[in-house]
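Asker: Dumping the structure here so I can ask a few things about it.
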Amino acid sequence: MKNKLTLRRYYKHEEPTCLYELAAASYGQSPWRLDQFADDLRGERSLYFVAELAETSTPVGFISCHQILDEVEITNLAVHPSWSRQGIAKALLATLFATVASGEQLTKVFLEVRMSNEKAQQLYLGRGFEEISRRKHYYENPAEDALIMCKILPKLP
C-alpha cells in the first residue's frame with residue numbers, strides 16, 4: 001500500500017452511501033440496494049469494517065459479515081478498483097478474523113463467491129479458505145453458480 005490506510009469499525013449510525021458506492025465500483029453494480037445496506041448496517045448481528053485513506057478519511061474498501069455464535073458469514077468484501085491489488089482486502093480479512101476469533105471455541109467463517117471470480121477465489125484460498133460446496137444459480141445479472149468456502153479460525157490462547 002503506497003498511501004497510509006486506517007482500518008476501523010464502521011458503526012450503525014454512520015452513512016451507508018459509501019458502502020453502496022464501493023460495492024458498485026468493485027462489483028460493476030452493487031449486489032444490494034442502498035436501503036439494504038442501511039438495514040444491514042443496523043442489524044444486531046452485523047459487523048462492518050472500512051479501510052480509509054489516513055489523510056482524508058476517504059473509504060477505499062470495506063468488509064461486512066453476520067456473526068451468530070461460532071459462525072460468521074462474510075456478506076461483502078469490496079475494494080475500489082483504483083485501490084485493488086494493494087493488500088487492502090487481505091488487511092480487511094485479517095481485521096475481521098482478529099475480531100471474530102474466540103478463546104472458547106473454533107470459529108467457522110463462510111462466504112460465497114462467483115465461480116467466474118478467480119481473483120477472489122485465489123485471495124480466499126491464500127487466506128486459508130477451502131471450497132466446501134457449490135450453490136446452483138445463486139447469483140443473478142448474470143446468472144451464475146456460487147462457490148461456498150469456509151475457513152476455521154483456531155481458538156485464541
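Asker: Provide, in order from the shortest bin, the percent of all Cα-Cα pairs of the chain in each 5 Å bin, continuing until the bin that contains the maximum pair distance.
Answerer: 2, 9, 18, 22, 22, 17, 8, 2, 0
Asker: Right, next: Can you compute 3J(HN,Hα) from phi for each residue in the range 6-21, using the Karplus curve 6.51 cos²θ - 1.76 cosθ + 1.60 with θ = phi - 60°, rounded to whole Hz and x for Gly and Pro?
Answerer: These are the phi-based 3J(HN,Hα) values: 10, 10, 8, 5, 9, 9, 4, 7, 7, 5, x, 4, 5, 5, 4, 5 Hz.
Asker: Taking trypsin sites (Lys or Arg not before Pro) that fall in a DSSP loop and have at most 10 other Cβ atoms within 10 Å as cut points, what is the longest piece of the chain between them? Could the numbers behind the result be given before it?
Answerer: On the way: sites that count: 2, 4, 33, 85.
Maximal segment without exposed cleavage sites: 86-157.
Asker: So, one more: What does the charge dipole of the range 63-157 about its Cα centre add up to, to the nearest 20 debye, if the Cβ of each Lys and Arg holds +1 and the Cβ of each Asp and Glu holds -1?
Answerer: Values: 11 positive and 11 negative charges, 59 e Å.
Roughly 280 debye, rounded to the nearest 20.
Asker: I would also like to ask the following. In square nanometres, what is one fourth of the surface area of the convex hull spanned by the alpha carbons of the range 29-76?
Answerer: Working: hull surface 16.4 nm².
Taking a quarter of the hull surface, the average projection is 4.1 nm².
Asker: If I ignore ligands, DNA and RNA and count only protein heavy atoms, how much of residue 83 is accessible to a 1.4 Å probe, in Å² to the nearest 10?
Answerer: 40
Asker: P(r) for the range 77-157, please, calculated from all Cα pair distances in 5 Å bins and given in %.
Answerer: Pairs per bin, as whole percents: 3, 14, 22, 22, 19, 13, 6, 2, 0.
Asker: Determine the alpha carbon to alpha carbon distance for each of 90/136; 90/151; 4/90; 12/136; 90/119 and list only those over 21 Å.
Answerer: Numbers: 90/136 27 Å; 90/151 14 Å; 4/90 15 Å; 12/136 33 Å; 90/119 12 Å.
Pairs exceeding the cut-off: 90/136; 12/136.
Asker: Between residue 155 and residue 12, what is the label-to-label distance in nm when each label sits 7 Å out along the Cα-to-Cβ direction?
Answerer: Spacing of the two 7 Å Cα→Cβ label points: 3.1 nm.
The values are calculated or read from the model by the stated rules, or taken from the named source; none is laboratory data. Nothing here was measured: the structure is a model prediction, and the numbers come from that model. For neighbour counting, all protein chains shown are included, and Cβ atoms are generated from backbone atoms with ideal geometry for every residue, glycine included. What goes into the accessible areas is simple: the full protein's heavy atoms, side chains included, and nothing from ligands, DNA or RNA. Shrake-Rupley method; radii C 1.70, N 1.55, O 1.52, S 1.80 Å.
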